[in-house]
Amino acid sequence: MRIALALAALVALSGCGLRPLYGGGGDGRVAAALASVSVAPISGRDGWLVQNALRDRIAIADGSAARFRLEVELDDQIEGFGIRADDAVTRERRSLRARYRLVDLEAGQTVLDATAGSDAGIDVVRSEFATIAAENTALERLAAEVADQIVARIATYAARAPAGP
């Protein structure tokens, strides 16, 4: 009985329409689309971190011309919200938000316009050096998280695009 139920579940699962996003590996549709994306320069230190994280994740294949350009605008903010009795901040929240556009260079139009973002909490301690180091570490983590979100959204677009990017 259990074997019959397991086989029935496998048959039902195969008909659900789920497909692996990166099906085909390096030769698949999504990998080819990601390899054809160039990342436009992003200003600032936070931009440099996000740009490098994006380039690590969507490296253009050698000798290929980019079909898409990724344009990213960042908003990086630090806000204090934990206050002691002497009005000193004890906790900060660092937020990194990105508005990004994927532009099809052949058609000259934006095919994807979305946002990504993440937050990190930072303890403010008596040592200013330690607090600055924590803020910088948080920015590095946030840049990687935002880059992951952007790449995942581009991959989803590539998998669903009718003609294939």
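The values are calculated or read from the model by the stated rules, or taken from the named source; none is laboratory data. Every value quoted in this text rests on a predicted model; they were computed, and no experiment measured them. All Cβ positions, even for glycine, are placed from backbone atoms using ideal geometry, and neighbour counts span all protein chains on display.
General observations
- Scanning the stretch 80-98 for residues that are surrounded by 11 or more Cβ atoms within 10 Å (Cβ to Cβ) and not basic (Lys, Arg) turns up GLY80, GLY82, ILE83, ALA88, VAL89, THR90, GLU92, SER95, LEU96, ALA98.
- In the stretch 99-129, the qualifying residues are those that are polar (S, T, N, Q) and assigned to a strand (DSSP E or B), and the one that is surrounded by the fewest Cβ atoms within 10 Å (Cβ to Cβ) is GLN109.
- ILE3 at pLDDT below 85 and assigned to a helix (DSSP H, G or I): yes
- Some residue of the stretch 137-147 being in contact with a strand residue (DSSP E or B) (Cβ under 7 Å, 6 or more places away or on another chain) and in a loop (DSSP other than H, G, I, E, B): no
- Only residues that are in a helix (DSSP H, G or I) and either surrounded by 15 or more Cβ atoms within 10 Å (Cβ to Cβ) or aliphatic (A, V, I, L, M) (or both) were counted across the stretch 148-165, and they come to 11.
- Restricting the first member to the stretch 103-118 and to residues that are touching a residue at least 60 places away in the same chain (Cβ under 8 Å), and the second to residues that are of a type in the set (Phe, Trp, Tyr), the beta-carbon pairs closer than 8 Å and six or more apart or on different chains are ASP104/PHE68.
- Screening SER43 with (1) of a type in the set (Ser, Thr, Tyr); (2) modelled with pLDDT under 90; (3) under 14 Å from ALA143 (Cα atoms) gives one miss only, at (2).
- Close pairs from the stretch 64-78: first in contact (Cβ under 8 Å) with a residue 40 or more places away in the chain and among the β-branched types (Val, Ile, Thr), partner outside any strand (DSSP E or B) and surrounded by 18 or more Cβ atoms within 10 Å (Cβ to Cβ), Cβ under 6 Å, at least 6 apart: VAL72/ILE42
- All positions within the stretch 76-113 that are among the small types (Gly, Ala, Ser) and touching a strand residue (DSSP E or B) at 6+ places or on another chain (Cβ under 6 Å): GLY80, GLY82, SER95, ALA98
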